[in-house]
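The values are calculated or read from the model by the stated rules, or taken from the named source; none is laboratory data. Source: prediction; values computed, not measured. Here Cβ is always computed from backbone atoms with ideal geometry, including for glycine, and neighbour counts include all displayed protein chains. These accessible areas exclude ligands, DNA and RNA; they are computed on the full protein's heavy atoms, side chains included. Shrake-Rupley method; radii C 1.70, N 1.55, O 1.52, S 1.80 Å.
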Amino acid sequence: MPELPEVEITRRGLAAHLTGLKIKDVSIRNANLRWPIPKNLPKLLRGRTIASFKRRAKYLLMDCGNGTLILHLGMSGSLRILPAGTPPDIHDHFDMMLNNGLMMRLRDPRRFGAVLWHSGDARNHPLLASLGPEPLENDFDARYLYQATRGRSISIKQCIMDNHIVVGVGNIYANEALFRAGIKPQLAAGKLSLPRCTKLVAEIRATLAEAINLGGSSLRDFVNTAGKPGYFQQHYWVYGRGGEPCRRCGSPIKQIRQGQRSSFYCGSCQK
Ligand SMILES: [Zn+2]
């Protein structure tokens, strides 16, 4: 599943290649994504100039002057830039042709992605309005996390994966950040002290920032690649390593289920 770093890398690639270009046309081959692609999208987009690509949580926001195209990659989506006229694959559901002979193409085999339109301020769209702060921005800090977790008996891992508390911390990065902060994933969120909140916020930021930097090196392959853009192999501390030795102390990494997701942690390094 594309997590926040992949989405941010995609945003950077799209922004670098498409900002300032004029939209020639739009082609919808299969409108049945998580929500239907609006039928009037070609009419809304034809002739508009792409002003910017922003990101909120894992939503990509393409500002077109008269409104915003909201894109989400869902479980299996990817966006690529290709020469217009490149024959589509069965999973290529949406193309946006530009005035320079290129197009942006959405491939989404599982069709949990989204292509939506919002004519007002995108931050007020129902999907975005109640989201918590961005993990890499300043309003997500130790004091905020401390306040947000008081009185909560839910586990700290489920808390940091809750989009109302902080957005974009998916399963991989929650596991990794908790290991790096020395915090057990099943610890009740309300028991986290302020110094441990400081540590956790710093590690969430560092884990995501490192993944984005790593993905940045694949940015030049963004155009005309057959593969998925911005997906990169990483060296994980605990994620996906159940039963293997901890890279810090050698104890076997434990694997448990929390809220339908796998958690991985070291019983000696994380308290
Ligand atoms: Zn360990």
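Listing for the model above:
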{"item": "Selected residue [away from the ligand (no atom under 16 Å from the Cβ), under 20 Å from the mean Cα position of the chain (by Cα) and at pLDDT 95 or above] from 200, 219, 194, 214", "result": "200"}
{"item": "Where a residue in the range 237-260 is among the aromatic types (Phe, Trp, Tyr) and within 14 Å of the ligand (Cβ to nearest atom) and its partner, wherever it lies, is part of a loop (DSSP other than H, G, I, E, B) and open to solvent by less than 60 Å² (accessible area, probe 1.4 Å), with Cβ under 7 Å and at least six apart", "result": "none"}
{"item": "Members of the range 3-17 that are crowded, with 21+ Cβ neighbours inside 10 Å, of a type in the set (A, V, I, L, M, F, W, C) and out of contact with any Ser or Thr (no Cβ under 9 Å at 6 or more places or on another chain)", "result": "4, 7, 14"}
{"item": "Test for residue 110: is it open to solvent by 20 Å² or more (accessible area, probe 1.4 Å) and part of a loop (DSSP other than H, G, I, E, B)", "result": "yes"}
{"item": "Given (1) open to solvent by 10 Å² or more (accessible area, probe 1.4 Å); (2) under 22 Å from residue 168 (Cβ atoms); (3) not aliphatic (A, V, I, L, M), number of the condition residue 78 does not satisfy", "result": "(1)"}
{"item": "Condition broken by residue 24, with the remaining ones in (1) touching a residue at least 60 places away in the same chain (Cβ under 8 Å); (2) open to solvent by 50 Å² or more (accessible area, probe 1.4 Å); (3) not in a strand (DSSP E or B) satisfied", "result": "(3)"}
{"item": "Residue in the range 55-69 that is among the basic types (Lys, Arg), at pLDDT below 95 and surrounded by 19 or more Cβ atoms within 10 Å (Cβ to Cβ) present", "result": "no"}
{"item": "Among (1) under 24 Å from the mean Cα position of the chain (by Cα); (2) closer than 17 Å to residue 269 by Cβ - the single one residue 165 does not satisfy", "result": "(2)"}
{"item": "From the options 43, 39, residue that is more than 24 Å from the chain's Cα centre (by Cα), under 15 Å from residue 116 (Cα atoms) and either in a loop (DSSP other than H, G, I, E, B) or of a type in the set (Asp, Glu) (or both)", "result": "39"}
{"item": "Flag if residue 50 is open to solvent by less than 60 Å² (accessible area, probe 1.4 Å), among the β-branched types (Val, Ile, Thr) and more than 30 Å from residue 261 (Cα to Cα)", "result": "yes"}
{"item": "Enumeration of residues in the range 168-207 that are part of a loop (DSSP other than H, G, I, E, B) and either surrounded by fewer than 21 Cβ atoms within 10 Å (Cβ to Cβ) or charged (D, E, K, R) (or both)", "result": "170, 182, 184, 186, 187, 193"}
{"item": "The listed residue being modelled with pLDDT of 95 or more and assigned to a strand (DSSP E or B), out of 82, 116, 131", "result": "116"}
